[in-house]
Amino acid sequence: MKQFMTKAYLLIIGLIALFVVQTGSAHSSPDEGLREENPKGFVICERIKRQGICEEYRLNTLSATDKQLITKHCTVGARCPAEDRIGYCVRYKDPDGLVFDKHYYRGTGKKHDWDATTIEETCINSGGKFFEG
């Protein structure tokens, strides 16, 4: 009986801890959690001036081949900037199956800036979750 009570007590403590973590994350902004991740685990392909986009890849989710190709052409250990960002798509999936976070910016050399409605629609259609700003 004592062993059962100990296991039940530990289970209750674990559930309380899980509840506290979940409650805390529900009240933080979506970008807050995104920005807290260590930049060393990321590669960015930044094309803000030309196309108004910046893509963030998590190194631990890339295959060896994709990692080799992307790190050859992009910047390791950096994050896409928040300045002039219109919105971003978390877990965007491209037609080749790569999953990354895609950030969209205003004030580029393009004739027209991105608009939040188009970004959100593209994001959702690509299996991602859209956030403004």
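Table for the structure above
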quantity: Complete set of residues in the stretch 101-133 that are in a loop (DSSP other than H, G, I, E, B), within 16 Å of residue 54 (Cβ to Cβ) and among the acidic types (Asp, Glu); calculated: 113
quantity: Candidate set: the stretch 75-109, residues that are hydrophobic (A, V, I, L, M, F, W, C) and crowded, with 18+ Cβ neighbours inside 10 Å; chosen: the one nearest to residue 130 (Cα to Cα); calculated: 89
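Taken together, the values in this text are just the output of simple stated rules run on the coordinates, not laboratory data. Since we're looking at a predicted model, the values are computed, not measured. Note that each Cβ is placed from the backbone with ideal geometry, even for glycine, and that neighbours are counted across all protein chains shown.
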